[in-house]
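The values are calculated or read from the model by the stated rules, or taken from the named source; none is laboratory data. Since this is a predicted model, take the numbers as computed values, not measurements. Please note: Cβ atoms are built from the backbone with ideal geometry, for glycine as well, and neighbour counts cover all protein chains shown. Surface accessibility is based on the protein's heavy atoms, side chains included, excluding ligands, DNA and RNA. Shrake-Rupley method; radii C 1.70, N 1.55, O 1.52, S 1.80 Å.
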Amino acid sequence: MMIRSIHTPVVDRTDGPGAAPADGFAAGRRRWLAGAAGLAGSLAGGAALPAWAQSPPYPSKPIRWLVPYNPGGAGDIVARLIGDGLAKALGQRVLVDNRPGGGGTVAAQALASAPADGYTLATADNGTLFNNWHLFDKLPYQPSSFEYVAMMGRFPLVLAVHQSVPVRNFAQWQQWAKQNGSRISFATPGVGSPHHIAMATLDDMLGLQMQHIPYKGDSAAVVDLASGQVQTMLMGVATARQYMKDDRLRFLAVTWPSRLSSMPEVPTFGEVGIKDFEVAAEQGILMPAGTPAEIVRRVNREVALILNLPEVRDKLETLGMYPVLKSPEEFKAYVTKQAAAAGEIIRRKGITIN
């Protein structure tokens, strides 16, 4: 897949394979032109031009997409894939602006201070959506600083153990974990990461008191798990697939409602008796608070159409992400609920960043 930067914007393509349905930008533009034509007579007679007709139809210039990751990673690729679809649907370029750092706070702050005109949006993950409100003492923005535009999808997590651990299934893992408790070390990509909060949740549910070993990124954590430096972890599906034929790791359960076609032999947590444990790394789209509701709904609708394209779903699945569609209202309610649950675990486990 070609990776584009802000200097190489997503190309505008409004026809050909994968083009958006006709009720996208083109249809909206035709409706606007029809209304403008209907005003011609009254304007000739000196009638005042309505406020809505004084502005060009949305969008009339390129849209900036803030991405809280370095170029080339899964989250960056997701934004570029969806951004390409938006460019086709809206008839304007989508410029990806990578703003990594601070667990998503750098991109979130840039979004909160951007004009609420529909020309800036951002990827938001678990940090911005749920966790950072409880991990940081102070943030330069609030949940009310954003419009919750669209859910994009979820990255399920898979429970893995090193082959030296004497377990073959989750029931044995649970018994082993309860017997060894604080002598067990689990790896994560970092403090406050989705993997950390998820494992802290499982640890709390089962009363285990395992020891957390944070790493600087997923790759380092998985390498140490494969070498036996740590004993267990929750990892992303795409990473797990790379080790499916590697005897050094065993996979015991996945945090998804149903078994995944890419690893059908791995049961869900629900199947092994752990109900309501469907935690995941999640991604959605935000805009600055005050962005017009019609723009929010328009972008939500176009994102839903893009996520329903078979070729897009296939590409996302290779990254370990599974699309989840929600209206803006459903997305905001979901974020509120998940943030409360994350806050409870973070406080109970004493997790903090600063």
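Select from region 87-100 the residues that are open to solvent by 30 Å² or more (accessible area, probe 1.4 Å) and in a loop (DSSP other than H, G, I, E, B) and list them in ascending order.
First, the residues of region 87-100 that are open to solvent by 30 Å² or more (accessible area, probe 1.4 Å): 88, 92-93, 95, 98-100.
Residues satisfying the conditions are Gln92, Arg93, Arg99, Pro100.
Taken together, the residues in region 112-151 that are open to solvent by 30 Å² or more (accessible area, probe 1.4 Å), over 18 Å from Val296 (Cα atoms) and in a loop (DSSP other than H, G, I, E, B) amount to 5. Entry remark, region 274-296: residues being farther than 30 Å from Arg168 by Cα and loosely packed, with under 13 Cβ neighbours inside 10 Å number 3 in total. Kindly list the number of the only condition in (1) under 22 Å from Arg298 (Cα atoms); (2) at pLDDT 95 or above that fails for Gln109. All conditions are met except number (1).
Closer than 21 Å to Phe130 by Cα and modelled with pLDDT of 95 or more: does that describe Asp224? Explain how you work it out, then say what you get.
Values: closer than 21 Å to Phe130 by Cα: no; modelled with pLDDT of 95 or more: yes.
The answer is no for Asp224.
One residue stands out in region 58-72 among those that are open to solvent by less than 30 Å² (accessible area, probe 1.4 Å) and of a type outside the set (Val, Ile, Thr): the one that is farthest from Gly320 (Cα to Cα), namely Pro59.
Taking each residue of region 313-336 that is part of a strand (DSSP E or B) and looking for partners that are among the charged types (D, E, K, R) with beta-carbon atoms closer than 7 Å, six or more apart or interchain, yields Tyr322/Arg154; Pro323/Arg313. Take Arg297 and decide whether it is closer than 30 Å to Val94 by Cβ, modelled with pLDDT of 95 or more and part of a helix (DSSP H, G or I). Here the answer is yes, as Arg297 does meet what is asked.
For region 189-231, residues that are among the polar types (S, T, N, Q) and within 24 Å of the chain's Cα centre (by Cα) total 3. Per the conditions (1) surrounded by fewer than 19 Cβ atoms within 10 Å (Cβ to Cβ); (2) in contact with a Gly (Cβ under 8 Å, 6 or more places away or on another chain); (3) charged (D, E, K, R); (4) modelled with pLDDT of 95 or more, the sole criterion not satisfied by Glu271 is (2).
Taking (1) within 30 Å of Val312 (Cα to Cα); (2) among the charged types (D, E, K, R); (3) assigned to a helix (DSSP H, G or I) in turn, Arg154 satisfies each apart from (3). Taking region 182-262 and the strands (runs of 3 or more DSSP E) fully enclosed by it, the elements with 3 or more residues that are open to solvent by 20 Å² or more (accessible area, probe 1.4 Å) are at 211-214.
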